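Structure, as structure tokens:
The values are calculated or read from the model by the stated rules, or taken from the named source; none is laboratory data. Since we're looking at a predicted model, the values are computed, not measured. Methodologically, a virtual Cβ is constructed for each residue, glycine included, from the backbone with ideal geometry; neighbour enumeration extends over all protein chains shown.
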Amino acid sequence: MTSTTPLPEIGCYGLAGHSASPRDLVTEVRRAEELGIGSVLLSERFNVKDAGVLSGAAVAASESIGVATAATNHNTRHPLVTATMATTLHRMSGGRFALGLGRGFDMLFDVMGLPRVTEAQLRDVIGIYRRLWHGEAVAGHEGPAGSFPYLSQDSSFDEDIPVLLMAMGERTLRFAGAVADGVVLHTFFSDETLERSVALVRAGAEEAGRDPASVRVWSVLATVPDDLPEELRLKKLVGRLATYLQGYGDLLVRLNGWDPEALRRFREDPLVATFPGAFDAIATPEQLAHVADLLPDEWLAAAATGTAADCAATALRQLDLGADSVVLHGATPDELEPVLTAYRDIRPAGRFDGLARNPGWIR
């Protein structure tokens, strides 16, 4: 098996975490494609990580890799603007693009003066997108996503563009299974939480009268091999988990069945309580080492660590637990190369034949 054997079941993030150099994405996407990575997912931050711009760069820099926003928010753009962005990327990529949406953060939308995202809004706006992509005009629309007198792209359109939803909580997982073509889970899920999350997505699809196997489920696995410098390992593992705990620690701890007292101790630590930003962005190695002592080993174990072979085995286990695909999160393609080499050594022959290159489709 050559080093360029395509791996449609494996994805990575472009510009993982914080970046001041968005142009680096072009090199990353080309390298990911060279290594056979199946998809690149692109998160959005309101600085230099605009989802539309990054997606355009990714599809222009590549020939075969799948590209998805993971995620943007429907409430930050007019539905016609988002639908147009997706149609443009769909055609520009030759059908490799998936529109990934997420609920975002209520507090951020509050200070931006935007409405908080609800499931009703998402269901409504996804319906609008799909109608526009298939050449329909949307007239006199009054719904949770807004009031739109008249929306239209082109009556000749008949574009099959998949929609991904980012999902974490039980209710959102069921909802995603009911309305989305693919679902992207969250980082730092235990094995039990991953299995349960996949089952909830499948149940939501079945309850909606859909084929549960038709919804592509992506696990997201923090991948931090031992061959990285220690300072970088701390940032990618401890810094990333600590940042999530800052934002929605209660939910992550509850989903995993972790000890809430450990979360309380983490939050009440003087460094954590007064820290002025995201740990994975601005913390020093010394601060991250201190935070590492606050986090239970069980929490940090919900990631791929150790040798490249250890990381590869953990990635395959995500697929054995029910996920259709796995995003190796937080590492650049170059950092992932040894893991991918080890993964190919244990990859089951024929198991992923026919898996779509578009990250939003199964076939």
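Yes/no per residue for (1) outside the structural domain of residue 33 (by TED's automatic domain parsing); (2) small (Gly, Ala, Ser):
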{"position": "270", "(1), (2)": "yes, no"}
{"position": "273", "(1), (2)": "yes, yes"}
{"position": "281", "(1), (2)": "yes, yes"}
{"position": "289", "(1), (2)": "yes, yes"}
{"position": "325", "(1), (2)": "no, yes"}
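What are the residues in the range 225-262 that are more than 18 Å from residue 105 (Cβ to Cβ), buried (at least 23 other Cβ atoms within 10 Å of the Cβ) and in contact with a Phe, Trp or Tyr (Cβ under 8 Å, 6 or more places away or on another chain), if any?
238, 239
I need every pair where a residue in the range 114-139 that is touching a residue at least 40 places away in the same chain (Cβ under 8 Å) and under 19 Å from residue 164 (Cβ atoms) has its Cβ under 7 Å from the Cβ of a residue that is among the small types (Gly, Ala, Ser) and surrounded by 20 or more Cβ atoms within 10 Å (Cβ to Cβ), sequence separation at least 6 or different chains.
Once the first residue is touching a residue at least 40 places away in the same chain (Cβ under 8 Å) and under 19 Å from residue 164 (Cβ atoms) and sits in the range 114-139, its partners that are among the small types (Gly, Ala, Ser) and surrounded by 20 or more Cβ atoms within 10 Å (Cβ to Cβ) give 117/104; 121/145; 125/145; 128/145; 129/83; 129/86; 132/83; 133/83.
For the range 325-354, give me each residue that is under 18 Å from the mean Cα position of the chain (by Cα) and surrounded by 20 or more Cβ atoms within 10 Å (Cβ to Cβ).
In the first step, residues of the range 325-354 are kept if they are under 18 Å from the mean Cα position of the chain (by Cα); the result is 325-333, 336.
Correct list: 325, 326, 327, 328, 329, 330, 331, 333, 336.
Identify, from the list 45, 31, 23, the residue that is touching a helix residue (DSSP H, G or I) at 6+ places or on another chain (Cβ under 6 Å), of a type outside the set (A, V, I, L, M, F, W, C) and either closer than 25 Å to residue 232 by Cα or not assigned by TED's automatic domain parsing to the domain that holds residue 313 (or both). Working first, answer last.
On the way: 45 fails: touching a helix residue (DSSP H, G or I) at 6+ places or on another chain (Cβ under 6 Å); 23 fails: touching a helix residue (DSSP H, G or I) at 6+ places or on another chain (Cβ under 6 Å).
One residue alone meets the criteria, 31.
If you scan the range 190-246, which residues turn out to be under 21 Å from residue 291 (Cα atoms) and hydrophobic (A, V, I, L, M, F, W, C)? Full working, then the answer.
Of all residues in the range 190-246, those under 21 Å from residue 291 (Cα atoms) come to 190, 221-226, 228-246.
Those that are under 21 Å from residue 291 (Cα atoms) and hydrophobic (A, V, I, L, M, F, W, C): 221, 222, 224, 228, 232, 234, 237, 238, 241, 242, 245.
Can you tell me which residues in the range 134-149 are surrounded by fewer than 16 Cβ atoms within 10 Å (Cβ to Cβ) and closer than 18 Å to residue 85 by Cα?
134, 135, 136, 137
Please determine, by comparing only the residues of the range 244-287 that are acidic (Asp, Glu) and touching a helix residue (DSSP H, G or I) at 6+ places or on another chain (Cβ under 6 Å), which one is nearest to residue 187 (Cα to Cα).
Of the residues in the range 244-287, the ones acidic (Asp, Glu) are 250, 259, 261, 268-269, 280, 286.
If we keep only those that are touching a helix residue (DSSP H, G or I) at 6+ places or on another chain (Cβ under 6 Å) as well, we get 269, 280.
Working: 269: 23, 280: 14 Å.
Out of the qualifying residues, it is 280.
In the list 60, 68, which residue meets the criterion of being under 14 Å from residue 13 (Cα atoms), at pLDDT 95 or above, in contact with a Ser or Thr (Cβ under 9 Å, 6 or more places away or on another chain) and in the same structural domain as residue 333 (by TED's automatic domain parsing)?
Criteria check complete, one pass: 68.
Which condition from (1) among the polar types (S, T, N, Q); (2) surrounded by 13 or more Cβ atoms within 10 Å (Cβ to Cβ); (3) out of contact with any strand residue (DSSP E or B) (no Cβ under 7 Å at 6 or more places or on another chain) is the one that residue 314 breaks?
With (1) among the polar types (S, T, N, Q); (2) surrounded by 13 or more Cβ atoms within 10 Å (Cβ to Cβ); (3) out of contact with any strand residue (DSSP E or B) (no Cβ under 7 Å at 6 or more places or on another chain) applied to residue 314, the lone miss is (3).
If residue 352 meets every condition in (1) in contact with a Leu (Cβ under 8 Å, 6 or more places away or on another chain); (2) under 21 Å from residue 188 (Cα atoms); (3) in a loop (DSSP other than H, G, I, E, B) apart from one, which number is that one?
The number of the failed condition is (2).
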